[in-house]
Structure formats: structure tokens, C-alpha cells
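Before any comments, here is the structure.
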Amino acid sequence: MPELPEVETVRRTLLPLVVGKTIERVKVHRSKIIQHPDVATFCERLKGQTIHDIHRRGKFLLFQFDDVVLVSHLRMEGRYIYEKESAPFDQHTHVFFAFTDRTELRYRDVRKFGTMHLFDKGEELRVPPLSKVGREPFDEQFTVSWLSEQLQRTKRTIKATLLDQTIVAGLGNIYVDEVLFRSFIHPERIAATLTTQEIEALHSAIIQTIQEAIEKGGSTVRTYVNTQGKTGTFQTQLYVYGRVNMPCRRCGNPIIKTVVANRGTHYCKYCQI
Ligand code: ZN
């Protein structure tokens, strides 16, 4: 699943392609992707709307139109493709935004788990799914003391707590494993038991890891590519994720894979005690 750095990369590659484009019509081949409102209203409201900007919140893309906002989540394998209107497409292409200049933004999703919500401008932040999204790693309100307060309140493991989008937005399985390694915290530690020093290390690992991953265009694990078909390169710099039985880059002992919070979890049992 694309996480914050991959979604941010999609946002950055889409931006120069579609900003300023006006929608002539929308076609939906698979209605379950459109979660709100109904498909007919979705298509009708977008007609004649111009894309002014694309924002990101956690793992969501927010397409900013004249007076509506399209909130899109790629889930497992969703991706956007920008094409000439006449270009061929396959059966995995489910939503078509045709622009007045005969180009088209297409949403392709082999697994079909992706979602789209359309809201009046301003409403999108007050209702689910965005109303439940926690703080962004680069938000100035994401501070050590705030993070510490949130962690005190939970009885869950640190892995489960960081995967939960309602506290820190945008981290998924790859980056949670990475930030825990970088801060030398065992994934099964109960979040409320972390020391101040550990929370400080975790806080800076989150910001640094996400920043470095964005600079590398994200991690290409499985099928992720950005809108221009390019792969990210951060996967070559991962410390633990996807490195089971390979030597720890810090101590040389083999990386372990186990299950925590129902997710495959990679860690070094010597570095993360
Ligand atoms: Zn190690």
C-alpha cells in the first residue's frame, strides 16, 4: 500500500499534469469506488470544474476544484494515469476524468479497494474519512510533548499505535518498521511505557525517515509506481522492512520477521530490545 512518501510523490507528479484542466465529463465503470455522494451526483458536480491544486492529508489526495474537493485514497494498488482521451485502457481502469483539451485523468486499480469522496469545499475536513486523520509528521503541532501525551493514553503496542492513522497520519507497515528500528524500539513495546528519550528518538526518526523517503520518490515494494510510471528508490535504503534473515545494517545479526498488530513486522532483536 502506498504510504505518505508514495502518496506525496504521486501528488507532486500529478500536479504539473492536471492543474488548470477543466472537466468536461466523468465516467465511472465501477461504482463502488465512489463512496460519496451517489455516482450520478458525483459525475454531475464535477462537470465544468477546474483543478486548482492537489493537497495531501495522511495517505489521502485532495483534488481542489472551484467549489468541490475530491478526496481519493489509493489503498492497495490504486494509481492515476494521465493520457490522451483516445489512448487505450484496460478493464482495471475504473474512473475517467475527461478534460476539455481532449486529455484524460484515469484511475486504475487492479484490487479495486480504492475510494473517492466528493465534498463541498470546507466540508471535507469536518466529516469522515478526513476528520479522523491524525497529525502530519511535518505539521509544527506534531511535537514531542504532544506525541508523548497520545502514547500515554493507549494500552496498545507501539506498532499498532503508529499504524492507527488517528494519531500520526501517513505511516503504514513499511515506515512504522523503519522508524522503530531507527529509534531502537521493539515493535511489541506498550506505547505508554516508552521513556522520554525514546519518544524523542521516535519523533525525529518519523520526520527524518519520511523526509528522506519523499526525496527518493518513495519506496517501490510490490507494484507502486508514480503517475509517470517511475519507481521510487527508497527501498534500497530500508533497514528492516523486507530484509528478513539479511544482516542488520547496524550490528550484523539477522533481521527477524514476526507478526505484531496482525501485520508482518521486521526488526533486529539486538538493536531493538
Ligand atoms: Zn541490529
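What follows is calculated from the coordinates using simple rules that are stated; it is not laboratory data. These figures come from a predicted structure and were not determined experimentally. Glycine gets a Cβ as well: all are built from the backbone with ideal geometry, and neighbour counts include every protein chain shown.
Observations
- Radius of gyration and Dmax over the Cα atoms of segment 144-267, both given in Å: 14.5, 44
- Checking every one of the GluC sites (Glu not before Pro) in segment 130-230 against DSSP loop status and a limit of 12 other Cβ atoms within 10 Å picks out Glu140.
- Principal-axis tilt of helix 196-215 within the chain, Cα atoms, nearest 10 degrees: 40 degrees
- The Kirkwood radius of the chain, taken over pairs of alpha-carbon atoms, gives through the Stokes-Einstein law at 37 °C and 0.692 mPa s a diffusion coefficient of 167 µm² s⁻¹.
- Helix 4-18 axis, angle to the chain major axis (alpha carbon atoms, nearest 10°): 20 degrees
- Semi-axis lengths, Å, segment 4-132, gyration tensor of Cα atoms, sqrt of 5 times eigenvalues: 19, 17, 15
- Residues whose placed amide H lies under 5 Å from that of Gln49, excluding near-sequence neighbours: Ile23
- Modelled spin labels at Leu125 and Val259, positioned 7 Å past Cα toward Cβ, are 4.0 nm from each other.
- Computed from label points 7 Å out along Cα-Cβ, the spacing between Gln91 and Arg25 is 2.4 nm.
- Multiplying the residue separation of Thr233 and Asp139 by 0.36 nm and subtracting their alpha-carbon distance yields 31.3 nm.
- Among residues other than Lys159 with Cβ under 15 Å from its Cβ, the summed charge is +1 (Lys and Arg +1, Asp and Glu -1).
- Pairwise centroid distance, computed over Cα atoms, of segment 154-195 with segment 30-58, Å: 33 Å
- Highest-MSF residue in the chain out of Arg182, Arg102, Arg25 [GNM, Cα springs under 10 Å]: Arg102
- Of His29, His203, His186, the residue with the greatest mean-square motion in the GNM of the chain, using alpha carbon springs below 10 Å, is His29.
- Cβ-derived FRET efficiency at R0 22 Å, Leu15 paired with Ile207, nearest 0.05: 0.45
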